[in-house]
1. For the pair K302/V206, report the inter-label distance in nm, with labels modelled 7 Å from Cα in the Cβ direction.
2. Within the set K22/K241; K241/K264; K152/K264; K19/K241; K39/K70; K19/K101, which residue pairs have Cα atoms separated by over 19 Å?
3. Counting only other residues whose beta carbon sits under 12 Å from that of Q274, what net charge do I get with K and R as +1, D and E as -1?
4. Once you list every other residue whose beta carbon is under 13 Å from the beta carbon of Q43, what net charge do they have if Lys and Arg are +1 and Asp and Glu are -1?
5. Among the lysines, which fall within straight-line cross-link reach of K193, defined as a Cα-Cα distance under 22 Å, with same-chain neighbours fewer than 8 residues apart omitted?
6. Step through the residues of region 160-173 one at a time and calculate ³J(HN,Hα) from phi using the Karplus curve (6.51 cos²θ - 1.76 cosθ + 1.60, θ = phi - 60°), rounding each to whole Hz and writing x for Gly and Pro.
7. Identify all aspartates and glutamates with a Cα-Cα distance to K115 below 12 Å; exclude those on the same chain that are fewer than 8 residues away in sequence.
8. Taking the Cβ of V206 as the center, what net charge do the other residues with Cβ under 15 Å away carry, scoring Lys and Arg +1 and Asp and Glu -1?
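Only the coordinates and a few stated rules stand behind these numbers; no lab work does. Everything numeric here is computed off the predicted structure, so don't read it as measured data. Because the Cβ atoms are built from the backbone with ideal geometry, glycine has one as well, and the counts that use them run over all protein chains shown.
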Amino acid sequence: MSILVIGSSNTDLVVRSEKMPKPGETLLGGTFFVNPGGKGANQAVAAARLGEKITFCCMTGCDDYGRAAKNLFDREGIDTSYVFSTPDCASGVALIIVDAKGENSIVVASGANLKLLPEDIDRIEGYENFDIVLCQLETPVETVCHAARRVKRNGGRFVLNPAPACALPDDLLSMVDIITPNETEAEFLSGVKISDCDSAVKAAEVLAGKGIGTVIITLGSKGALLYQDGRSEVIPAFKVKAVDTTAAGDVFNGALCVALSEGKDMRQAIRFAQAASSIAVTRPGAQQSAPSREDVEKVLNKSNE
């Protein structure tokens with residue numbers, strides 16, 4: 001079996017700064033660099049580096065950024081049969097500021113990502129061969145809904161990383177097998193302000209009430225809340241010094257799907273994903289921060305000593 005990732009491909013334009021600028025403030029920053037990014041692409045690359053067979057579906061522009069992205073996916077061993085391009089607009093771009101604490105602020109110009117439409121999803125063959133289909137929200141919601149319906153018709157598992165947060169129809173949520181919001185996204189989707197573990201559980205209960213089978217709320221350095229079958233558990237995070245959190249959630253999601261496709265139970269899969277993301281935050285950049293399988297196994301083995 002394999003994993004299908006449907007989502008965005010962006011080029012990240014990154015500036016390091018001692019602090020985030022206030023409204024109207026101009027700062028002299030530090031290093032500038034250009035990285036491949038986009039939540040969908042980040043998740044596909046993260047999963048591929050962990051040894052899984054990955055197919056990626058996205059829309060790029062007919063420009064240098066789009067061509068460079070496809071070449072990178074090919075080098076990572078990703079099936080790019082459904083990496084489409086459009087002449088109608090430019091490839092997606094993200095403007096990112098990373099401060100001295102490793103926290104980031106991001107603005108995305110979606111470009112061609114918004115041209116990935118339901119009819120493109122219908123161009124993908126062999127849905128029955130995908131154990132897991134993973135989506136995010138940097139492409140049109142109607143496209144995500146269509147993908148979910150295709151997955152449900154073919155018996156696969158549909159995983160939704162609801163980022164960036166936006167209003168979602170209940171019929172989409174009812175088709176989600178696993179949802180993986182962070183605190184902000186969980187608050188937006190549930191209407192519950194999250195301030196502690198108890199409020200996170202309440203938010204998870206609201207989401208589960210919409211028909212979602214498993215809710216995983218990532219809580220940063222506090223770990224991840226797993227809510228499944230009416231039971232909740234907080235799984236502690238690995239303790240590391242963060243350098244850049246840009247793709248932490250994307251690496252978590254890619255690794256989670258790899259672990260589940262290998263037959264790990266949900267708690268084991270979350271632990272595997274946490275190990276992968278704990279490595280990613282110690283490295284700069286998005287896709288280049290994604291660890292290898294060997295890296296993740298070392299962290300897990302050390303935690304078991």
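1. 3.8 nm
2. From K22/K241; K241/K264; K152/K264; K19/K241; K39/K70; K19/K101, over 19 Å: K22/K241; K241/K264; K152/K264.
3. Neighbourhood net charge equals +4.
4. It works out to a net charge of -2.
5. Partners within reach: K202, K210, K222.
6. 10, 9, x, 9, x, 4, 7, 5, 10, x, 4, 5, 5, 4
7. Result set, ordered by chain and number: D88, E138, E142.
8. Taking every Cβ under 15 Å from that of V206, the sum is -3.
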